[in-house]
1. For region 256-297, what are the residues that are of a type in the set (A, V, I, L, M) and under 19 Å from Asn156 (Cβ atoms)?
2. Looking only at residues that are touching a residue at least 40 places away in the same chain (Cβ under 8 Å) and in a helix (DSSP H, G or I) in region 113-130, which one is surrounded by the most Cβ atoms within 10 Å (Cβ to Cβ)?
3. Looking only at residues that are part of a helix (DSSP H, G or I) and free of Cβ contacts under 8 Å to residues at least 12 places away in the same chain in region 61-110, which one is farthest from Ile458 (Cα to Cα)?
4. Assess whether Leu377 counts as being within 27 Å of Glu248 (Cα to Cα), of a type outside the set (S, T, N, Q) and part of a helix (DSSP H, G or I).
5. Please pick out the residue among Val102, Val94, Val126 that is in contact with a Leu (Cβ under 9 Å, 6 or more places away or on another chain) and of a type in the set (Val, Ile, Thr).
6. Of all residues in region 1-45 being at pLDDT 95 or above and outside any loop (DSSP other than H, G, I, E, B), which is farthest from Leu450 (Cα to Cα)?
7. Examine region 221-229 for a residue that is at pLDDT 95 or above and under 23 Å from Ala157 (Cα atoms), and state whether such a residue exists.
Amino acid sequence: MNPVPSPWQPAARTDRRNPLTTSMPTVRPDRRHLASGIPGPLSSAFEARRRAAVARGVGSAVPVYAAAADPGLLHDIDGNAFIDLASGLGVTAVGNAAPDVVAAVREQVGLFTHTCFLTSPYSGYVEVCEELSNLTPGRHEKRSVLLSTGAEAVENAVKVARAATGRSAIVVLDHAYHGRTNLALGMTAKNAPFKQGFGPFAPDIHRVPTSYPYRDPQGMTGEEAAQRALEALERQVGGENVAAIVVEPVQGEGGFIVPAPGFLPALQSWCREHGALFVADEIQSGFCRTGAWFASEHEDLVPDLVITAKALAGGLPLSAVTGRAEIMDAVQLGGFGGTYGGNPVACAAALASIEVMRTGHLVDSARAIGDTLFTRLRALAVRHPAIGEVRGRGAMVGVEIVEPGGRRPGAEAAQRLAKACQQRGVLLLTAGTHSNVLRFLPPLVIPPALLNDAVDVIEECCDELLA
């Protein structure tokens with residue numbers, strides 16, 4: 001009879017290291033490198049296993065399987081090294097496996113991995129909330145709640161707005177993206193693939209036109225675009241019913257749209273006049289990404305609530321809602337919660353990430369990245385009429401591809417360009433309501449040589465495919 005293993009001595013287990021990864025080189029290249037076709041044989045083998053185990057609805061932009069990462073590089077299991085212009089959809093701003101973040105995570109994992117803050121609190125949660133109070137716009141007294149995902153934070157921001165105002169209507173913008181849970185999907189604009197077949201969605205969510213300078217009537221100012229939106233709001237909803245207007249200061253998935261100057265301040269002024277909350281979804285644009293700690297700062301906005309996630313914790317799942325103390329405290333005791341919200345390991349990662357952002361001057365790094373991208377990509381646009389616009393802020397840059405001779409979205413050309421870049425070792429993704437925007441979200445620690453090499457590849461692909 002086999003003895004029962006002691007709880008302090010784990011039972012023997014099968015070594016589950018995958019034999020497919022044994023051919024990874026011990027020394028990783030420090031530049032773009034193609035060791036196989038894309039995908040390579042090991043990634044292809046895993047893809048076959050994936051089809052038998054992973055739900056079909058889970059998509060991936062590139063058919064390669066990650067093995068390791070360095071600042072600005074993503075290595076796959078076949079030994080290929082890609083220049084990373086995606087940073088995990090804007091998550092790894094401080095770099096993938098940043099040493100200070102790794103050290104903080106290791107230390108916390110060695111102490112405890114979970115208690116649930118609702119059961120037994122811990123200092124890391126409080127310290128992250130203190131940092132958020134100091135960093136988010138405005139010097140007023142603030143409170144925060146920590147959660148796990150961006151969509152969860154969006155839903156909790158809606159809860160706060162409704163509790164604080166006693167109203168129910170939530171107003172969002174055209175082209176918005178706020179997540180994939182039911183309420184967040186109701187706030188998201190794009191139907192396929194995000195919303196198709198998943199309704200009905202939560203009620204009392206209303207969409208109004210945004211400011212999209214490239215596609216608005218020529219010469220429309222931010223104030224005029226705001227008037228258009230507010231007239232629709234008053235007509236469709238009624239100002240006295242609005243709990244909050246929720247905006248992305250730079251729209252991400254919708255196409256990296258930067259509203260015309262004056263648009264967002266006009267919406268904020270309307271909120272103050274009508275007793276509604278002005279909520280900034282900074283999930284993608286926050287934490288140095290746009291050349292400021294938060295994109296709201298570019299127009300001196302001071303939101304009532306700020307929603308954060310993505311880059312907050314250096315790759316671990318953590319999100320937050322931060323807002324005016326009297327507004328956040330309108331939620332009754334027990335009204336906030338979630339088993340994994342503010343996990344201690346994620347909090348340790350967040351504190352380390354914020355310190356890297358601060359001491360590494362990543363606000364300045366984002367501006368330098370933006371200078372490089374705007375200079376080179378706008379020069380490329382002069383040569384190629386299919387590049388309709390290069391836009392963005394800091395290291396959050398979008399290139400809208402159109403059909404030559406007009407402004408009709410060029411989704412197929414954008415997809416071909418992204419795929420061609422991937423085949424040459426540059427991880428470039430698309431975005432936009434019409435899937436026609438190339439999006440640039442490099443890590444804020446990407447070496448300049450890698451960034452310029454990536455743009456060299458993009459230039460080559462544009463010269464071949466857009467000629």
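The values are calculated or read from the model by the stated rules, or taken from the named source; none is laboratory data. This structure is a prediction, so every number in the text was calculated from the model and none was measured. Please note: Cβ atoms are built from the backbone with ideal geometry, for glycine as well, and neighbour counts cover all protein chains shown.
1. Of everything in region 256-297, those that are of a type in the set (A, V, I, L, M) and under 19 Å from Asn156 (Cβ atoms) turn out to be Ala276, Leu277, Val279, Ala280, Ile283.
2. Val128
3. Gly110
4. Yes: the conditions hold for Leu377.
5. Val94
6. Taking the candidates together, the pick is Ala45.
7. Yes.
Residue-wise test of (1) in a loop (DSSP other than H, G, I, E, B); (2) under 18 Å from Val250 (Cβ atoms); (3) in contact with a Cys (Cβ under 9 Å, 6 or more places away or on another chain).
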| position | (1), (2), (3) |
| --- | --- |
| Glu155 | no, no, no |
| Arg162 | no, no, no |
| Arg180 | yes, no, no |
| Thr210 | yes, yes, no |
